[in-house]
Amino acid sequence: MPVSEARISPLDRGFIFGDGIYEVIPAYGGKLFRLDEHLRRLANNLTAVKMKPPLATEAWKQVLNEIVLRNLPIHGSEQSIYLQVTRGVAERDHGFPDSHVEPTLFIMSTPLKALPESIAREGVAAITHEDIRWKNCHIKCTSLLGNILLRQQAYDEHAVEAILIRDGEVTEGAASNLFALIDGILITPPKGPLLLPGITRDLILELAQQHNIPSCEAFITPAQLKDAEEIWLTSSTKEILPVTTLDGVAVRNGKPGKVWQQMTQHYQQYKQQLRNA
Ligand code: PDD
């Protein structure tokens, strides 16, 4: 149905408390990108917050593919699918509602925006900022106020993303994962409660291995980040953004780096294979 006709109760716990879990899954050539991985993360997150899964894996696949298919004539074959599950509609109370309350499921498709060509020429600016979020950042929940304030702080400083620092370590972006090239090795912080296990992040580690780009998961300090040869931000919708300005200072020569160019090619090839599959 058109989004203008969709109706959700104001008592929905997603609205009242941000009590929900979400996923963003791109589709290339009408094919959902890393669907199994996205559904696995979704299942893990629902379990983590003790929420009933509204659908089983095969049913999720059917519904999501159907939504892509129905939106082909409207949005074309490159789409971004947003889905969220909330704990349902109930009288406002912080504790969970009765077990008969069913989760609310909302799924929408929007056209996937092509990334501006200026990115490959100029890269993007990022700021660093203390992480002001809670301590369960591995859960992809709809309560995103911390992330929103951090991203807006970046926009206010004419940057596209805030790179977050907690207890002397760099963790991730407000809505992206982080990679840094340090002494020729591509490094991303290890998974744990302080960052989201990104689907794009995992693919980049896989592609690095396949193409003999030295890589590892390790902690990164703000000082190491400042000196890095390259800095990237990754997410399903923005792919791999090369950061060329950090806190107003050029990253090396201020241009997207060679390893970023290589990885972007591999990433585009991966997407093309999916379209042709
Ligand atoms: N965000 N870290 C955070 C905090 C994120 O919100 C995201 C993605 C990522 C990257 O994850 P993935 O590669 O699976 O997209 C990392 C989505 C795109 C969003 O909130 O719109």
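Evaluate the relative contact order of the chain (contact order divided by residue number), counting alpha-carbon pairs under 8 angstrom at least 6 apart; express in whole percent.
Details: 506 pairs, mean separation 52.1, N = 277.
Relative contact order of the chain: 19 percent.
What does the net charge come to around Ala175 if you take all other residues with beta carbon closer than 12 Å to its beta carbon, with K and R at +1 and D and E at -1? Write out the running numbers ahead of the final one.
Values: positive: Arg133, Lys140, Arg151, Lys238; negative: Glu161, Glu172.
Here the count lands on +2.
With angles folded into 0 to 90 degrees, how steeply does helix 145-156 sit against the dominant principal axis of the chain? Use alpha carbons for both and round to 10.
40 degrees
Over the range 118-276, what is the relative contact order in percent, taking alpha-carbon pairs closer than 8 angstrom and at least six residues apart?
Values: 294 pairs, mean separation 41.2, N = 159.
Normalised by residue count, the contact order of the range 118-276 is 26 percent.
Against the longest alpha carbon principal axis of the chain, how many degrees, from 0 to 90 and to the nearest 10, is the axis of helix 199-210 turned?
The angle comes out at about 40 degrees.
Considering Cα pairs under 8 angstrom that are at least six residues apart, work out the relative contact order of the range 3-111 and quote it in whole percent.
37 percent
Need one number: the % of Cα-Cα pairs in the range 122-277 sitting beyond the 25 Å mark.
Everything past 25 Å amounts to 24 percent.
If you filter the range 10-70 for trypsin sites (Lys or Arg not before Pro), then keep DSSP loop positions with at most 10 other Cβ within 10 Å, what is left?
Answer by residue number: Lys50.
Given the C-alpha centroids of the range 246-277 and the range 37-69, what is the distance between them in whole angstrom?
Centre-to-centre (Cα) distance: 30 Å.
Largest first and in whole Å, what are the equivalent-ellipsoid semi-axes of the range 3-111 based on the Cα gyration tensor, each being the root of 5 times an eigenvalue? Before the final figure, lay out each step's value.
Values: eigenvalues 140, 52, 21 Å².
Output for the range 3-111: semi-axes of 26, 16, 10 Å.
For Lys271, go through the aspartates and glutamates and keep the ones whose alpha-carbon is under 15 Å away, minus same-chain ones fewer than eight residues off.
Of all the aspartates and glutamates, those that pass the test against Lys271 - Cα under 15 Å, at least 8 places apart if same chain - are Glu78, Asp202, Glu206, Glu239.
Give, as a single signed number, the net charge of other residues whose beta carbon lies under 14 Å from the beta carbon of Asp36, with Lys and Arg counted +1 and Asp and Glu -1.
Values: positive: Lys31, Arg34, Arg40, Arg41, Lys61; negative: Glu23, Glu37, Glu58, Asp202, Glu206.
Residues close to Asp36 contribute a combined charge of 0.
Hey, which lysines would be in cross-link range of Lys140, C-alpha to C-alpha under 20 Å, not counting anything within fewer than 8 residues on its own chain?
Excluding near neighbours in sequence, the set is Lys50, Lys52, Lys61, Lys191, Lys238.
Taking every pair of distinct Cα atoms and averaging 1/r, then inverting, what Kirkwood hydrodynamic radius in Å comes out for the chain?
Numbers: mean 1/r = 0.0505 Å⁻¹.
Kirkwood radius, the chain: 19.8 Å.
Once the Cα atoms of helix 258-276 and of the chain are each reduced to a long axis, what angle between those two axes, in degrees from 0 to 90 to the nearest 10, is obtained?
Taking the Cα atoms of the chain, the angle to 258-276 is about 40 degrees.
Every read-out reported here was derived from the displayed coordinates using simple, explicitly stated rules and does not represent laboratory data. From a predicted model like this one, the values you see are computed outputs, not experimental measurements. So basically every Cβ, Gly included, is an ideal-geometry build from the backbone, and we count neighbours across all protein chains shown.
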